[in-house]
Amino acid sequence: MATGTLKIDLSALASNWRDLSAMASGKAGAVVKADAYGLGLAQVSKTLARAGAREFFVAVAEEGAALRQILGKGPRINVFSGHMAGDTKLVRDANLTPMLNSIDQMLRHVEALPGHPFGIQLDTGMNRLGMEEAEWAALRDLALAQKPTLIMSHLACADAPDHAMNARQLQVFTQMTAGLEVPRSLAATGGILLGSDYHFDMIRPGIGLYGGMPFVDARPVVTLDIPVIQIRDVAVGETVGYSNTWVARGPSRIATISAGYADGIIRAMGPNAQLHTGSSAVPVVGRISMDMIGVDVTGLAQEPEHLELIGPHQSVDTVAGFADTIGYEILTSLGARYNRVYI
């Protein structure tokens, strides 16, 4: 086979959820948006449900409807984007719980689906989604009369523990929800690690479930091995790949591996990227193309049949650093051609 093998360790995933859940005194949900961060909604969500998760979070109603088909009637499925125009049938039929973000969404929801569960999302300074203080003040009594299931907000800088924005958002959220007998949620993975002040009644781990930073104690979940198609000798002065960007300074052995930017390996990471065979690191040479990448294997004692991009020797966040991005982007970009193996 010429396709890469993406191994997904479901036991590590479940362990990460249990470890993060144990940090909070309240409930722990699980964020499974974007096809469970690229790792497969069905396999991931079933694993988390078996581990004990009963609250799930997705980005849009379509994801929620797909998740309901997978998990059945039991768990609550919360939708960050709220109740958009056109969502009513999905929200009703899949029994989704939209996190309402505005007065317009509140009116749409209570008029279209009176008595149907909903939550509230507040903007505490990120300026992305949620009701601002004035809007919440105007809507608060109406919303509370409808008995929301959750009031939540989202931290902008939780991956930087010392950032002043964290304490500022905590203060705003506390003030906006003071005295309410409604479950509250502020912390995703980074917020969980900020400490118990940020946990409230429910935490919402996301990237930490999948082995990503800032959860440094996470068990690795993903391994990506890529087959070598061909190895060739390249003489001094010869070039590799498009635009002649790499020139051999000595006699070289260059492996062409079967993956590229069509598989989520970001083109910009080329000059910095490396792969592994065992503990030996080997550098990418030339441009990353759509389906193939050149790798310098000159110094290896044995010619490899495959090379590891993500695994025990190189985390998803290390790979993200090659392209000056984050682990989230690497995971959610993993291409459909990989042979996904769940262990």
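The values are calculated or read from the model by the stated rules, or taken from the named source; none is laboratory data. Computed from a predicted structure; not experimentally measured. Quick reminder, even Gly has a Cβ in these numbers, built from the backbone with ideal geometry, and neighbours come from all protein chains shown. Quick note on the areas: whole protein, heavy atoms, side chains included, nothing else; ligands and nucleic acids left out. Shrake-Rupley method; radii C 1.70, N 1.55, O 1.52, S 1.80 Å.
Contact map, segment 44-62: residues that are touching a residue at least 24 places away in the same chain (Cβ under 8 Å) and more than 16 Å from L96 (Cβ to Cβ) paired with residues that are open to solvent by 10 Å² or more (accessible area, probe 1.4 Å) and of a type in the set (K, R), Cβ distance under 9 Å, separation 6+ or inter-chain. Pairs shown: A51/R18; G52/R18. Looking across segment 22-32, the residues that are in a loop (DSSP other than H, G, I, E, B) and either out of contact with any strand residue (DSSP E or B) (no Cβ under 9 Å at 6 or more places or on another chain) or under 18 Å from G195 (Cα atoms) (or both) come down to A22, M23, A24, S25, G26, G29. If you take the residues in segment 194-224 that are without any contact (Cβ under 8 Å) to a residue 40 or more places away in the chain and hydrophobic (A, V, I, L, M, F, W, C), which one is least open to solvent (accessible area, probe 1.4 Å)? My answer is L194. Residue under question is T189, and the condition is that it be closer than 16 Å to M84 by Cα and either touching a Pro at 6+ places or on another chain (Cβ under 8 Å) or in contact (Cβ under 8 Å) with a residue 60 or more places away in the chain (or both); does it hold? Answer is no for this residue.
Out of G64, G29, one residue alone is among the small types (G, A, S), under 25 Å from D317 (Cα atoms) and surrounded by 23 or more Cβ atoms within 10 Å (Cβ to Cβ). It is G29. Can you find a residue in segment 128-144 that is touching a Leu at 6+ places or on another chain (Cβ under 9 Å) and closer than 22 Å to S21 by Cβ? So far as segment 128-144 goes, no, none of its residues is touching a Leu at 6+ places or on another chain (Cβ under 9 Å) and closer than 22 Å to S21 by Cβ. For segment 50-61, give me each residue that is in a loop (DSSP other than H, G, I, E, B) and closer than 28 Å to G195 by Cβ. Result: G52, A53, R54, A59. Evaluated against (1) assigned to a helix (DSSP H, G or I); (2) open to solvent by less than 20 Å² (accessible area, probe 1.4 Å); (3) of a type outside the set (S, T, N, Q); (4) touching a residue at least 60 places away in the same chain (Cβ under 8 Å), D19 falls short on exactly one condition, (2).
Among the residues of segment 225-234, those that are open to solvent by less than 40 Å² (accessible area, probe 1.4 Å) and out of contact with any Lys or Arg (no Cβ under 9 Å at 6 or more places or on another chain) comprise I226, P227, V228. Residues of segment 38-49 that are open to solvent by less than 20 Å² (accessible area, probe 1.4 Å), of a type outside the set (A, V, I, L, M, F, W, C) and closer than 14 Å to D9 by Cβ: G40, T47. Do you know which of the residues in segment 67-76 that are open to solvent by 40 Å² or more (accessible area, probe 1.4 Å) and in contact with a Ser or Thr (Cβ under 9 Å, 6 or more places away or on another chain) is farthest from A36 (Cα to Cα)? Here the residue is R76. Among the residues of segment 1-16, those that are open to solvent by less than 10 Å² (accessible area, probe 1.4 Å) and within 30 Å of V228 (Cβ to Cβ) comprise G4, L6, I8, A12, L13.
To keep it simple, each residue is scored yes or no on (1) within 15 Å of the chain's Cα centre (by Cα); (2) of a type in the set (A, V, I, L, M); (3) assigned to a loop (DSSP other than H, G, I, E, B).
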{"site": "A34", "(1), (2), (3)": "yes, yes, no"}
{"site": "V44", "(1), (2), (3)": "yes, yes, no"}
{"site": "L48", "(1), (2), (3)": "yes, yes, no"}
{"site": "E63", "(1), (2), (3)": "yes, no, no"}
{"site": "Q69", "(1), (2), (3)": "no, no, no"}
{"site": "I77", "(1), (2), (3)": "no, yes, no"}
{"site": "M84", "(1), (2), (3)": "no, yes, yes"}
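Segment 87-183 holds helices (runs of 4 or more DSSP H) entirely within its bounds, and those carrying 3 or more residues that are open to solvent by 50 Å² or more (accessible area, probe 1.4 Å) and closer than 20 Å to E63 by Cβ map to 88-93.
Just one of the listed residues (G119, G125, G82) is closer than 19 Å to V182 by Cβ, among the small types (G, A, S) and touching a helix residue (DSSP H, G or I) at 6+ places or on another chain (Cβ under 7 Å), and it is G82.
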